[in-house]
Amino acid sequence: MSPNGFLQIAVFLGVLLLLAKPLGAYMAAVFEGRPTPLTRLLQPVEHILYRVCGVDTMASMTWRGYAAAFLCFNLASFLAVYGILRMQSALPWNSQGFPNVEAHTAFNIAVSFATNTDWQNYGGETTLSYFTQMVALTVQNFVSAASGMAVAAAFARGVAGRRTAKIGNFWADLFRGTSYVLLPLSFVLALALVSQGVVQNMDSYRPTAGDSPAITQLLPMGPAASQVAIKQLGTNGGGFFSANSAHPFENPTPLSNFLEMTSILLIPVAFCYTFGRMIGDVRQGWALMAAMTLLFLPLAFGAIVAEHQPPPALASAGLIGGNMEGKEVRFGIVNSALWAAATTAASNGSVNAMHDSFAPLGGMAALFLMQLSEVVYGGVGSGLYGMVIYAIITVFLAGLMIGRTPEYMGKKIEAFEMKMASIAVLVPPLCVLAGTAIAVVAPLGVSGLQDRGPHGFSEILYAFTSMGNNNGSAFGGYAANTILVNLAGGIAMLASRYWIALPVLAIAGSLAAKKTVPASNGTLATHTPLFIVTLAVVVIVVGALSFIPSLALGPVVEHLRMIAS
């Protein structure tokens, strides 16, 4: 890799770390109800909305009440998106005359966007009208992300609580996450993207002449910049166009690429500091961020190094330059592989290159980042509370080693917390492996494969890893728009979202009700380098025990066969 490549990586990570503290402090003020620069502007709107909806923000909820509100809102979101998709042809702003979306595809899309997965097995510009893109998908990009942020804020209150059954008000957290955080950031980013050439209009598609008068091309238009901004900031990832952020109308320049790639990790990184501020110990937030970064860097560099190796067939012909298949020349290898690592680490799922064309080991790095339960930064909010679940497991294991009741932030970790944590950790691997097993033995599951052999297996494994961890990216060679994959994938997305969020809320309620235990000589400090390394090792071990056999059948075998050939 050239010095310029190292410089690009250093600038990317440096900007993220510089923005983490100010944005994290701002989000802590938002979720704690303290004044912010936007309070005077948004508070009147907030009060009117609460009054109309009958919401009493002073009435804090128990974890069961919070979970019920969370589930009811997400159910309403699913039904709204499903209804719009099924009635698309009769709705306005459909100048392209797109028909209604088939039932099984609509189910998958509605589940995908309600769960913040944004998995797509369709072409946006050939399937969805402007109304559907804006009213169904873009709205869900905001509120599904805000739902995850709300659960993380409730979890922080549970950790910080002292002998209370209350963890906050879901409706207030949902509104504040949307209006105080996501909307202003998206507005600024959308303007920046428009300045770089990302389209934002309501025009009809435009035919243009090709190389000869007999050939014409239809250029898609639409309100793309506004959706691209929130898809990145909310770790949604669903593209306005089929090629996602590889499309020049979504991501035209190196600067737009840098802005979008930074936006993918911005809120997940900053939320670590938010958590530290909300629990009254910023060292804990920095420790979680350090553990995430410790896991991210080796896998990101592994992907970059793998893509810099030319395929053996080209190397044997004396050609050099690395693996550029499926990558945009305007981004190159470093930005393509770094984006792949960032998007799979952050449960974002957007792509600026075709992951199906990555070298086997480059694709495996992206796969394994998802298989670490999306806690290496992860989704907005969801990555934070996922990593804290692993921190709880780590202190439990450490307690077993020294024969002491484990504690986290002065709260004893007991049987109930460990049962809930076990559910949260085991559900994603179960969804991934069960879905993959069904797909590889069912004719409908393998009918959409572009390739057979180990790469075909990797395509299926990647699809269910993505859906089973609420990521949304894909190996594009797998045509997954079948009844089997849509239904099985939809179930995997539902389970991996709610069977993690609900145990997290249950743990929050349990911890909030406990008294604080004073630290002693036997208390494991959870902000030290020793704990950071131990936490990272626990995450790696759980991921490896769950997925190394499947990785061996897919990308590892493919790599060995490629070398042998």
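The values are calculated or read from the model by the stated rules, or taken from the named source; none is laboratory data. Note that the structure is a prediction, hence the values are computed from the model and not measured. As a convention, Cβ positions derive from the backbone with ideal geometry for all residues, glycine included, and neighbour counts pool all protein chains shown.
Out of G383, G490, I need the residue that is out of contact with any strand residue (DSSP E or B) (no Cβ under 6 Å at 6 or more places or on another chain), surrounded by 20 or more Cβ atoms within 10 Å (Cβ to Cβ) and farther than 30 Å from G280 by Cα. Which one?
Working: G383 fails: farther than 30 Å from G280 by Cα.
Going through G383, G490 in turn, just one is out of contact with any strand residue (DSSP E or B) (no Cβ under 6 Å at 6 or more places or on another chain), surrounded by 20 or more Cβ atoms within 10 Å (Cβ to Cβ) and farther than 30 Å from G280 by Cα: G490.
Only one residue in L367, L338, L372 is in contact with a Phe, Trp or Tyr (Cβ under 7 Å, 6 or more places away or on another chain), surrounded by 19 or more Cβ atoms within 10 Å (Cβ to Cβ) and over 24 Å from S256 (Cα atoms), so which one is that?
The unique qualifying residue is L367.
Please state which of the following conditions A424 fails to meet, knowing it meets all the rest: (1) touching a residue at least 12 places away in the same chain (Cβ under 8 Å); (2) surrounded by fewer than 14 Cβ atoms within 10 Å (Cβ to Cβ); (3) more than 18 Å from S520 (Cα to Cα); (4) not acidic (D, E).
Failed condition: (2).
So which residues in region 108-135 are hydrophobic (A, V, I, L, M, F, W, C), under 23 Å from the mean Cα position of the chain (by Cα) and surrounded by fewer than 22 Cβ atoms within 10 Å (Cβ to Cβ), if there are any at all?
Matches in region 108-135: M134, V135.
Which of the residues that make up region 312-335 are surrounded by 14 or more Cβ atoms within 10 Å (Cβ to Cβ) and either in a helix (DSSP H, G or I) or not basic (K, R) (or both)?
Residues satisfying the conditions are L314, G322, N323, M324, E325, G326, E328, F331, G332, I333, V334, N335.
Quick one: what pairs do we get from region 99-111, first residue closer than 14 Å to A480 by Cβ, second hydroxyl-bearing (S, T, Y) and part of a helix (DSSP H, G or I), C-beta under 7 Å, 6+ apart or different chains?
Qualifying pairs under 7 Å: F107/Y82.
Kindly indicate the residue of region 343-354 that is buried (at least 24 other Cβ atoms within 10 Å of the Cβ) and not polar (S, T, N, Q) and also nearest to Y385 (Cα to Cα) among those meeting that condition. Quick ask: steps written out before the conclusion?
Within region 343-354, the first condition is being buried (at least 24 other Cβ atoms within 10 Å of the Cβ), and the residues that meet it are 343-353.
If we keep only those that are not polar (S, T, N, Q) too, we end up with 345-346, 349, 351, 353.
On the way: A345: 15, A346: 13, G349: 19, V351: 25, A353: 29 Å.
Of everything passing the filter in region 343-354, A346 is nearest to Y385 (Cα to Cα).
So that you can scan it fast, the table gives a plain yes or no per residue for (1) of a type in the set (A, V, I, L, M, F, W, C); (2) not in a loop (DSSP other than H, G, I, E, B):
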{"residue": "K166", "(1), (2)": "no, no"}
{"residue": "R176", "(1), (2)": "no, yes"}
{"residue": "S179", "(1), (2)": "no, yes"}
{"residue": "L189", "(1), (2)": "yes, yes"}
{"residue": "V194", "(1), (2)": "yes, yes"}
{"residue": "G197", "(1), (2)": "no, no"}
{"residue": "D203", "(1), (2)": "no, no"}
{"residue": "L218", "(1), (2)": "yes, yes"}
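Of the residues that make up region 198-217, is at least one under 31 Å from the mean Cα position of the chain (by Cα), at positive phi and without any contact (Cβ under 8 Å) to a residue 60 or more places away in the chain?
Checked region 198-217: no residue is under 31 Å from the mean Cα position of the chain (by Cα), at positive phi and without any contact (Cβ under 8 Å) to a residue 60 or more places away in the chain.
How many of the residues making up region 150-187 are of a type in the set (S, T, N, Q) and touching a Ser or Thr at 6+ places or on another chain (Cβ under 9 Å)?
Matching residues across region 150-187 total 3.
For the condition surrounded by fewer than 23 Cβ atoms within 10 Å (Cβ to Cβ) and either under 18 Å from M370 (Cβ atoms) or polar (S, T, N, Q) (or both), what is the one hit in G302, G280?
It is G302.
Would you check which residues across region 530-561 are in contact (Cβ under 8 Å) with a residue 40 or more places away in the chain, surrounded by fewer than 17 Cβ atoms within 10 Å (Cβ to Cβ) and of a type outside the set (V, I, T) and list them?
Selection gives L553, R561.
Residue under question is W119, and the condition is that it be touching a residue at least 60 places away in the same chain (Cβ under 8 Å) and either over 24 Å from R51 (Cα atoms) or of a type in the set (S, T, Y) (or both); does it hold? Working first, answer last.
On the way: touching a residue at least 60 places away in the same chain (Cβ under 8 Å): yes; either over 24 Å from R51 (Cα atoms) or of a type in the set (S, T, Y) (or both): yes.
For W119, the condition - touching a residue at least 60 places away in the same chain (Cβ under 8 Å) and either over 24 Å from R51 (Cα atoms) or of a type in the set (S, T, Y) (or both) - is met.
Suppose we filter F31, F12 for residues that are over 30 Å from A303 (Cβ atoms), of a type outside the set (A, V, I, L, M) and buried (at least 18 other Cβ atoms within 10 Å of the Cβ); which single one remains?
Result: F31 is the single residue among F31, F12 that is over 30 Å from A303 (Cβ atoms), of a type outside the set (A, V, I, L, M) and buried (at least 18 other Cβ atoms within 10 Å of the Cβ).
Among the residues of region 252-272, is any farther than 30 Å from T534 by Cβ and in a loop (DSSP other than H, G, I, E, B)?
Yes, some residue in region 252-272 is farther than 30 Å from T534 by Cβ and in a loop (DSSP other than H, G, I, E, B).
Any residue that is in contact with a Phe, Trp or Tyr (Cβ under 7 Å, 6 or more places away or on another chain) and at pLDDT 95 or above - is there at least one of those in region 518-529?
Checked against the condition, which is being in contact with a Phe, Trp or Tyr (Cβ under 7 Å, 6 or more places away or on another chain) and at pLDDT 95 or above, region 518-529 yields no hits at all.
Six or more apart or on different chains, Cβ atoms under 9 Å: show the pairs whose first residue is in region 487-502 and under 23 Å from A153 (Cβ atoms) and whose second is crowded, with 24+ Cβ neighbours inside 10 Å and of a type in the set (D, E).
Within 9 Å, the pairs are S496/E374.
For A552, indicate whether it is over 30 Å from T164 (Cβ atoms), within 26 Å of the chain's Cα centre (by Cα) and small (G, A, S). Spell out how you get there, then give the answer.
Working: over 30 Å from T164 (Cβ atoms): yes; within 26 Å of the chain's Cα centre (by Cα): yes; small (G, A, S): yes.
So A552 passes the test.
Mind checking which pairs have a first residue in region 1-26 that is charged (D, E, K, R) and a second that is part of a helix (DSSP H, G or I), Cβ under 7 Å, 6 or more apart or different chains?
Final answer for the pair search is K21/Y273.
Need a quick list: helices (runs of 4 or more DSSP H) entirely within region 360-447 having at least 2 residues that are among the small types (G, A, S). Walk me through how you get there before you give the answer.
Details: elements: 360-371, 382-402, 415-441, 443-446.
Here the list reads 360-371, 382-402, 415-441.
Looking at (1) farther than 26 Å from W171 by Cα; (2) surrounded by fewer than 20 Cβ atoms within 10 Å (Cβ to Cβ); (3) touching a residue at least 60 places away in the same chain (Cβ under 8 Å); (4) not small (G, A, S), which is the only condition L71 fails?
Here L71 clears every test but (1).
Within region 22-139, which helices (runs of 4 or more DSSP H) (wholly inside it) include 2 or more residues that are touching a helix residue (DSSP H, G or I) at 6+ places or on another chain (Cβ under 8 Å) and under 27 Å from F271 (Cα atoms)? Don't jump to the end; show me each part of the working.
Values: elements: 39-53, 63-86, 103-114, 124-127.
Once the helices (runs of 4 or more DSSP H) in region 22-139 are filtered for at least 2 residues that are touching a helix residue (DSSP H, G or I) at 6+ places or on another chain (Cβ under 8 Å) and under 27 Å from F271 (Cα atoms), what remains is 39-53, 63-86, 103-114.
Identify, by number, the condition in (1) over 17 Å from G381 (Cβ atoms); (2) in a loop (DSSP other than H, G, I, E, B) that A303 doesn't meet.
(2)
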